[in-house]
Each structure stands twice: as structure tokens, then as C-alpha cells.
Amino acid sequence: MSTHIGASPDQIAPYVLMPGDPYRARWIAETFLEDPVQYNDVRGMLGYTGTYRGIRVSAQGSGMGQPSMAIYAQELFDDYDVQTIIRVGTCGALSEAVNVRDVILGVAASTDSAMNVPRFRHVSFAPSADFTLARIAAEVAEERLLPLVAGGLYSADQFYSPDPETTRTLAGYGVLGVEMEAAALYTLAAQFSRRALALCTVSDHLLTGEETSAQERQETFEDMIVVALESIVRLEEKHPVG
């Protein structure tokens, strides 16, 4: 049991899907996992473990923002020896290269957060995804004819930004979408030598103003979760844990 997760070490799987919304974690467990068991409800941050195609997988909410993500990711890596975390969330599109309902595979994550300043001081560390896991996810999406675009994400500290010029500048440098968690996840995965990937469904477009309906988000999330789970299956086949 860690500070924020009320589970014994054997209750959490080596592979974890992490949506921001804890109720989305419950939906993942009930929809995709066989025999899911809830292992956490501390602070309402729900966590479940079940199996997918014979592989143990957990679904754990991260909350919103990098400080919350960092708490849960660090405890999963450090206290529960989790080997792989895939963030499955939403983002806003910054580029005409992606459309609403596309999935962005976050190759790297820029950020305006100061969380890494104590770690690296004057160096601007570049948080990035695990290449093997990213390549597998791209292959799975291509085989299933799902709209996935690989590129950079922007992990913002504020949802309601007072400075829209920042997102315009990042878009000019090829950043595809804005979200709030990937940079912290990638940094911690690097610290603990683990695998991490952020898959983010485009729920709204900052250039066009287009948004998805609740039903469309549900259907798009389903595709994204399948890509994440099938990527875990393929990763386990190529690089088995333990």
C-alpha cells in the first residue's frame, strides 16, 4: 500500500492504462477487462485490475494535471513495480494536420510546467515516449485502419490559458495537441527506466472550434482503448514481463 493507492503489491498489474477521469478507469475495466476487481478508492481515484486476452492489466485514474499524474505514476512505478503505463485521454488539436476524433500518439511532450526545474536545473529535459511501445501502437492502429497521427504534445499547466500566443507558437513548430499530463508521465518513466506512452483522442479543435458530442467521444475512446490494449498484448509477446 502506498500513500495514495490502497492496494497490496500483488493487486496491480505490470501494465496500466491511465485515463485522467477515475470513472473512465471504471468504464475501461467494466467494458474491456475480464473479471475486474477494484483495488483502490482512496480520494475517489478508482483503480481496477482484470485480464485482457489472458494478460493482467490495470486501469487507474490519474486525475487532472501533471502534479496529480506524477503522484500516481511515481507510486505505480516505485511502490508497485509497474513496467508500462499508457495514458489514454483527450486533447485539443493545435494543428490542421489532425482532425477531431483522430488519436494523437505523443512522441514527445513539451511543457510550461516548472516540475522538472529541480531535477535538471538549467537543462531543458525533453520528455518522450518509449520508442518500442510507440512503434507497436502505430502498427496496431494502421492494421485496424484507425486515424492515428504521431507527433508532439504540449502538456499545459493551465486548462484555461491566459496566453493563447503560446499555443499558436507551439503549433507553428509542429506540436499537434494540448493536454495536461504526458510530460510528467514521460519524465517519471525515464527516471525509473520504464515504458510509457500517451494516446490522446482529439475531442476539440482549437483552430476550427469543432467539438465532439458525448456519444462520439464514447465511440472514439473505445477505439483508443483497443489500440492501447492490443499494444500491450503485442508488447508482452515480444518483451514478456518477468
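Where a number appears in this text, it was derived from the coordinates with a stated rule and is not lab data. In this text the structure is predicted, and so the values were computed from the model without any measurement. Cβ atoms come from the backbone with ideal geometry, glycine included; neighbour counts cover every protein chain shown.
A few notes on this one:
- Working from the Cα coordinates of the chain, the gyration tensor eigenvalues give, after taking √(5λ), semi-axes of 26, 21, 17 Å in decreasing order.
- Helix 131-143 vs. the chain, principal-axis angle (Cα, 0 to 90°, nearest 10): 80 degrees
- Gain upon complete extension [residue 56, residue 37; 0.36 nm per residue less C-alpha separation]: 5.7 nm
- Neighbours of residue 73, meaning other residues whose beta-carbon lies under 15 angstrom from its beta-carbon, give a summed charge of -3 when Lys and Arg score +1 and Asp and Glu score -1.
- Beta bridges per DSSP with both ends in the range 9-238, % antiparallel, nearest 5: 35 percent
- Taking each residue as 0.36 nm, the span from residue 10 to residue 144 lengthens on full extension beyond its C-alpha to C-alpha distance by 44.9 nm.
- Note on the chain: helix-only mean residue ellipticity at 222 nm, from DSSP H runs of 4+ residues weighted -39500 (n - 2.57) and normalised by residue number, equals -11500 deg cm²/dmol.
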